[in-house]
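Everything below concerns the one structure shown next.
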Amino acid sequence: MTDWKIPLYKIFTDDEDLRHVNYVIKRGKSWAIGPEIEQFEAELSSFVGKKFCVTFNSGTSGLHAALQAYGVGINDEVIVPSFSFISTANSVLFVNGTPIFSDIEKDNFGLDANLLEEKITNKTKAIMPMDYSGQSCKIHEINDIVKKNDLLLIEDAAESLGCTINGKMVGTHSDCAIFSFTGNKVMTTGEGGAVVTDSEEIYEKLKLIRSHGRIDVQNYFENPNISDYVNIGYNWRMPTMSAALGLAQLSKLPKIIQMRKDNAKYLSSRISKHSEIEVPIPKSGSDHIYQMYTIKLKTNEIRNKLQVFLTENGIFSKIYFSPIHLTKFYMQKFNLTHGMLPITEEISSKILTLPMFPNMTLDEKNLIVSKIDEFFESIS
């Protein structure tokens, strides 16, 4: 179905977004490496509470660059969740490292800190947890393991910009954190990502990796002098227009988050009456910004039937996420099997992500509720 009554997400945009982007377009120059890039980076680092920020053309390139900047490479192992988007694991392969999958806990679907030490070997270089759907993993417990074993903590916070845990922003508890600004995120630049860190050394390395390994003392396209290239690098720069859009989106991020929270509260208050549904709520000291609204059903059979029913009624739902370790590529490359991560596999078989976006109308929310009610009446 392509003509959904309710899509999985809608982008929240306003005239301020248009004004920021139009200004760059009408300026007629610096569409690449424009001043809005550094301005967006400065405001984002200030918002999160980290000293430095480097923007990228995607969250995936940000993950890749972060691992490369920290020197992760051949023979290094990085512990990652399988319950994540595939770039979490792929980024480790990009730098010729080995992703080591570890299981999650049932509380907030983040890496289970109690299982990490059994995964650590003399090859382990980093632990890379993922903050699922808009709430933090148990980052403090994971950080304790990291410090005890003298490892790196690289946080995949693609889905959790603006979330807090114990009163501090997600991204402030790790060596570095990666955010994504693709279309379905809480704020978006269309495509885009960023890495935040307190390390000036890593900051300088990230800038080189992002732009061909080139030292830029001024805008490359406005510099008549020969540039020096001191390292290997890529073309992973964020376009200026995307950064301009990011500035506008960031300015209303608290408003967007509150709208999501209000919508989630409304849905939860009306569908939690069904004993077969576990609704998402903040857990373990973490705030929840509801980048996604994911429910857990009692059984895989009920989940599958509910998704079919919602689709038949024009309501988009999606399974976020299927286990990475059970994809064809990873099973074949690393000889992985079903049953090796029982909690990941159980959770993935029962979860379903429902529509969630800031400007959901009351009619849209009520249609979701009424169709879920209708479904459970039909199977009772």
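Of these, SER160, SER242, SER174, which one is in a loop (DSSP other than H, G, I, E, B), crowded, with 17+ Cβ neighbours inside 10 Å and touching a Ser or Thr at 6+ places or on another chain (Cβ under 8 Å)?
Details: SER242 fails: in a loop (DSSP other than H, G, I, E, B); SER174 fails: touching a Ser or Thr at 6+ places or on another chain (Cβ under 8 Å).
One residue alone meets the criteria, SER160.
Among the conditions (1) farther than 26 Å from SER58 by Cβ; (2) in contact with a Ser or Thr (Cβ under 9 Å, 6 or more places away or on another chain); (3) outside any helix (DSSP H, G or I); (4) at pLDDT 95 or above, ARG237 misses just one, which is (1).
Just to check your reading of the model, which residue among ASN96, ASN90, ASN108 is touching a Gly at 6+ places or on another chain (Cβ under 8 Å) and either modelled with pLDDT of 95 or more or buried (at least 20 other Cβ atoms within 10 Å of the Cβ) (or both)? Give the steps one after another, and end with the answer.
On the way: ASN90 fails: touching a Gly at 6+ places or on another chain (Cβ under 8 Å); ASN108 fails: touching a Gly at 6+ places or on another chain (Cβ under 8 Å).
One residue alone meets the criteria, ASN96.
Among the residues of the stretch 180-218, those identified as more than 15 Å from LEU245 (Cα to Cα), small (Gly, Ala, Ser) and surrounded by fewer than 19 Cβ atoms within 10 Å (Cβ to Cβ) are SER199, GLY213.
Only one of the listed residues (LEU367, LEU362) is over 26 Å from SER136 (Cα atoms), outside the structural domain of GLU118 (by TED's automatic domain parsing) and surrounded by fewer than 17 Cβ atoms within 10 Å (Cβ to Cβ). That residue is LEU362. Only one entry of ALA126, ALA158, ALA177 meets the criterion of being small (Gly, Ala, Ser), at pLDDT 95 or above and touching an Asp or Glu at 6+ places or on another chain (Cβ under 7 Å), and that entry is ALA177.
All conditions but one from (1) free of Cβ contacts under 8 Å to residues at least 24 places away in the same chain; (2) buried (at least 22 other Cβ atoms within 10 Å of the Cβ) apply to SER46; the one that does not is (2).
Of the helices (runs of 4 or more DSSP H) contained entirely in the stretch 1-114, those carrying at least 1 residues that are assigned by TED's automatic domain parsing to the domain that holds MET187, under 30 Å from LYS333 (Cβ atoms) and under 17 Å from the mean Cα position of the chain (by Cα) fall at 59-69, 87-94. Just one of (1) part of a helix (DSSP H, G or I); (2) farther than 26 Å from SER211 by Cα; (3) free of Cβ contacts under 8 Å to residues at least 12 places away in the same chain fails for ASP150. It is (1).
Do the conditions hold for HIS274, that is, is it in contact with a Leu (Cβ under 7 Å, 6 or more places away or on another chain), surrounded by fewer than 21 Cβ atoms within 10 Å (Cβ to Cβ) and not in a helix (DSSP H, G or I)?
So HIS274 does not fit the description; no.
I'd like the residue in the stretch 22-39 that is among the hydrophobic types (A, V, I, L, M, F, W, C) and buried (at least 19 other Cβ atoms within 10 Å of the Cβ) and, out of all such residues, is farthest from ARG237 (Cα to Cα).
So the first thing to find is which residues in the stretch 22-39 are among the hydrophobic types (A, V, I, L, M, F, W, C), and the list is 24-25, 31-33, 37.
Narrowing further to those that are buried (at least 19 other Cβ atoms within 10 Å of the Cβ): 24, 33, 37.
Working: VAL24: 16, ILE33: 8, ILE37: 9 Å.
Among those residues, the one meeting the criterion is VAL24.
If the condition is being of a type in the set (S, T, N, Q), part of a helix (DSSP H, G or I) and loosely packed, with under 14 Cβ neighbours inside 10 Å, then the stretch 292-336 contributes ASN300, THR311, GLN332.
Residues in the stretch 206-226 that are under 30 Å from the mean Cα position of the chain (by Cα) and of a type in the set (D, E, K, R) were compared, and the one that is farthest from THR60 (Cα to Cα) is ASP216. Pairing residues of the stretch 190-219 that are among the basic types (Lys, Arg) with residues that are crowded, with 21+ Cβ neighbours inside 10 Å and assigned to a strand (DSSP E or B), at Cβ distances under 7 Å and at least 6 apart in sequence or on separate chains, gives LYS207/VAL54; ARG210/VAL54; ARG210/PHE56.
The values are calculated or read from the model by the stated rules, or taken from the named source; none is laboratory data. Just so we're clear, the structure is a prediction, and the values are computed from it rather than from any experiment. Positions of Cβ are generated from backbone atoms using ideal geometry, with glycine treated the same way; all protein chains shown enter the neighbour counts.
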